[in-house]
Structure formats: C-alpha cells, structure tokens
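Since every read-out is calculated from the coordinates, none of them should be taken as a lab result. As the structure is a prediction and not an experimental result, all values here were calculated from the model. All Cβ positions, glycine included, derive from the backbone under ideal geometry; neighbour counts span all protein chains shown.
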Amino acid sequence: METVLRAAAIYLVLMVVFKIAGRRTLLQMTSFDLILLLIISEATQQALLGDDFSVTGAALTIITLVTIDIVLGKLKSRFPMVEQAIDGGPVILVENGNLLTERMKMTGISPDDVLEAARSGPGLERFDQIKYAVLEVNGHISIIPQTDS
Amino acid sequence: MKKDHTGSRDYPIKEDMRWIRREWRIQRIGEYVLIALVILGACGLFSKGVLSNGSARSPDGTIQVEYERFGRVESNMDMRIRYNAPVTDRFNVTIGGGALDNLQIQTLQPQPLEAVTIGSDLRLTFSSRDTGLDHAIWIGLQPRNPGRIAVSVSSGDHPPARFTQWIYP
C-alpha cells in the first residue's frame, strides 16, 4: 500500500508545483532547465522507492504512475472541466497585430517571446504581420500570419 | 468587433477568461506559498533547524533532553539526554511512553552496561564510576511511522521529562 501512496503523493506534488511554475517553464526551457529536471528526478527517486530495491516495488511504482496518468486522461476527455482545471486552455496573446497586454502579464509571456516565436516559426518581423498569436496548452506559441489583402 | 483585452474570444480558439484568471490567481498565491515553504524549511519546520530544536526537562531537573520537534519517516534524528544527579557507580535512564514502538534506535553512545525492557519501555543502565555529576547520552533515532510520538525519559524514581515529536510522512 505504501508504494502506491508514495507514487500518488509524488504525482500530486509534482503536478501542483509545475502548475504553479506555469507554462512559461516549458517555453523558456534552456540547457540549465534540463539539468534542473534531472536533479528533480533524482530527488524524486528516493521518495518514490524508499529503501525498496525489489523489482516488484519498482514495477508497482511504475504501474501506479502510469495508471494515474491514464485515469486522469480519461477524466479529462470525459469532463472538459477537469481538463480546463488541470491543463488550462489556450490563450490568445496577439489579435490582429494588437498586443493583449493584460493577458501577457497573466501568462508571464513577454512581447519578445511572441516575436521570437514569430521569427522562428513563419519568419515574421513585426506585430502587425501577426493575425493571431496563441499560447497553447503545451507552452508553445502558435503564430497565425496576417494574410495579405 | 474590437473587444477589451480581458473578454473571452470564440475565434480562432474558444477560450474562457475566467479559468485563465483563476489559473493566474492560483499561480500568484502558489508562488508565495512555495517561497514560504522554502523559508520555513530552511528554518527547520521539516526537521533539523532552529524551529525544530526542542528541549525538555524533568520537573526536578535531573534529566534534560535535547530533541528534534519535527522528524521525517526513515530519516535520522538525534537526541541528547543529560543526566545530572549524584550517583554511585551506575545510573539508569528509561525511555518510554510507547516511543520505541515508533522510533528505532540507530546509534547509542555510550554503550549501556545493561538494557532491559519493562513493558514497552527500555531501561538502560550506564556506568558512572569515577565521574562527576553530569552525564550525557547521545542517541541516533529513526522514526518508523508518521504522526505524533509521545516520549518520556525518566530515571529511577525521579519524575520523567515528557515531550512529543511530530513525524512527517
């Protein structure tokens, strides 16, 4: 029982902490963030398994984590409210070349981040070339270019 | 056509500003909670720190215990028992109150001459030949179960020093 509870507790803690950290963390992932993630996994490992070196223990932990993920996935597709609460929804950041500053402040995305996405994606230079910029659930910014009239 | 910055849009995606606002609020509060947790952790709310250092004394002052108020399951914590009374050539210390059901003794210094159990209490007898009044015993403990643990440390007929420790899961 303890193994299952440990896995569930760790899953919950990680979910809450990364929810607080926000989607920005995914977007601005640098090499240092990768190292940070490795350290986090190292810190998690001890609490997940304790002093249990058995194959059964490890298998049970893995199965528990994956099962929680599957169940949450099912809940999300069944109840859109759950998905909205856990993952959040996409947010429009730029509309017809206008920056929606209030929303950018809330999501912690700077105008530079949007421009960076505009350059690396469709190769746009200015805000007035952007029809829509949308912060997606996975932390990426989608750019929809202004169609020339 | 032109809407304010905070109204929900339906195109190109359907968004719900109430949730975005809620998410933002959770993040703002959450950041403060995380900072508070780090500071409290550094101060010892989760064992080993200023907030965690406790000391208890028996009513007549014979026994003084320095312990940790907060501990964590399966991580080590220290306890120091000081015994201050005129003795002949040996003295004994009893650790009880059901504490040892939940605490595992990892190290014990100095080694006792004799260790006996009385119910679920542990009575340790130490040599004190050619020494003064003041004696100390160092114990390394490992909590086995989370929750509140009541500990009492006594010696012979002297009244015990009582305290509780909180063990995090």
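Against the longest alpha carbon principal axis of chain A, how many degrees, from 0 to 90 and to the nearest 10, is the axis of helix A:55-78 turned?
Tilt of helix A:55-78: around 40 degrees.
Roughly what angle does helix A:31-49 make with the longest principal axis of chain A, taking Cα atoms, 0 to 90 degrees, to the nearest 10?
30
Report the normalised scattering of the protein assembly as shown as log10 I(q)/I(0) at q = 0.15 Å⁻¹, calculated by the Debye formula with identical scatterers on the alpha carbons.
With one equal scatterer per Cα and no solvent, log10 I(q)/I(0) is -1.19.
With a cut-off of 8 Å between alpha carbons and a minimum separation of six or more residues, what is the relative contact order of segment B:31-169 in percent?
After rounding, I find 29 percent.
Which far-off residues, 5 or more places away or on another chain, put their amide H under 5 Å from the one on B:Ser47, with H placed in the peptide plane?
Those qualifying (amide H under 5 Å, at least 5 residues apart or on another chain) are B:Phe70.
Treating only the Cβ of Lys, Arg, Asp and Glu as charged (+1, +1, -1, -1), what charge dipole size does segment B:71-169 show about its Cα centre? Round to the nearest 20 debye.
Computed about the Cα centre, the dipole is about 260 debye.
Positive end of the dipole of segment A:29-144, charges at C-beta (+1 Lys, Arg; -1 Asp, Glu), about the Cα centre: which of A:Thr44, A:Ala117, A:Phe79 has its Cα farthest in that direction?
Most positive-ward Cα: A:Phe79.
Under a plain spin-label model, where a point goes 7 Å from the Cα along Cα-to-Cβ, how far apart in nm are B:Ala115 and B:Glu66?
If labels sit at B:Ala115 and B:Glu66, their model points lie 2.3 nm apart.
For segment B:80-93, in order, what is each residue's ³J(HN,Hα) by Karplus, 6.51 cos²θ - 1.76 cosθ + 1.60 with θ = phi - 60°, in whole Hz (x at glycine and Pro)?
10, 10, 10, 10, 9, 6, x, 10, 8, 10, 7, 9, 10, 10
Can you compute the charge dipole magnitude of the protein assembly as shown about its Cα centre, using +1 on each Lys and Arg Cβ and -1 on each Asp and Glu Cβ, nothing else charged? Give it in debye, rounded to the nearest 20.
Dipole of the protein assembly as shown, to the nearest 20 debye: 800 debye.
Taking amide H atoms as placed 1.01 Å from N in the peptide plane, list the residues 5 or more away in sequence, or in a different chain, whose amide H sits under 5 Å from that of B:Leu108.
It is B:Gly140, by chain and number.
Which far-off residues, 5 or more places away or on another chain, put their amide H under 5 Å from the one on B:Ser155, with H placed in the peptide plane?
B:Thr94
Suppose only helical runs count, i.e. DSSP H with n ≥ 4. What mean residue ellipticity at 222 nm does that imply for chain B under -39500 (n - 2.57) per run, divided by all residues and rounded to the nearest 500 deg cm²/dmol?
One gets -5500 deg cm²/dmol as the mean residue ellipticity at 222 nm.
So what are the ³J(HN,Hα) numbers for segment A:87-101, from phi and the Karplus equation (6.51, -1.76, 1.60; θ = phi - 60°), rounded to whole Hz, Gly and Pro as x?
8, x, x, x, 10, 7, 9, 10, 10, 6, x, 8, 7, 8, 5
For segment B:69-74, just list the computed ³J(HN,Hα) in residue order, Karplus coefficients 6.51, -1.76 and 1.60, θ = phi - 60°, integers in Hz, with x standing in for Gly and Pro.
For segment B:69-74, the Karplus-derived couplings read 5, 10, x, 10, 4, 6 Hz, x marking Gly and Pro.
For helix A:111-120, report the angle its Cα long axis makes with the longest principal axis of the Cα atoms of chain A; keep it between 0 and 90° and round to the nearest 10°.
The answer is roughly 90 degrees.
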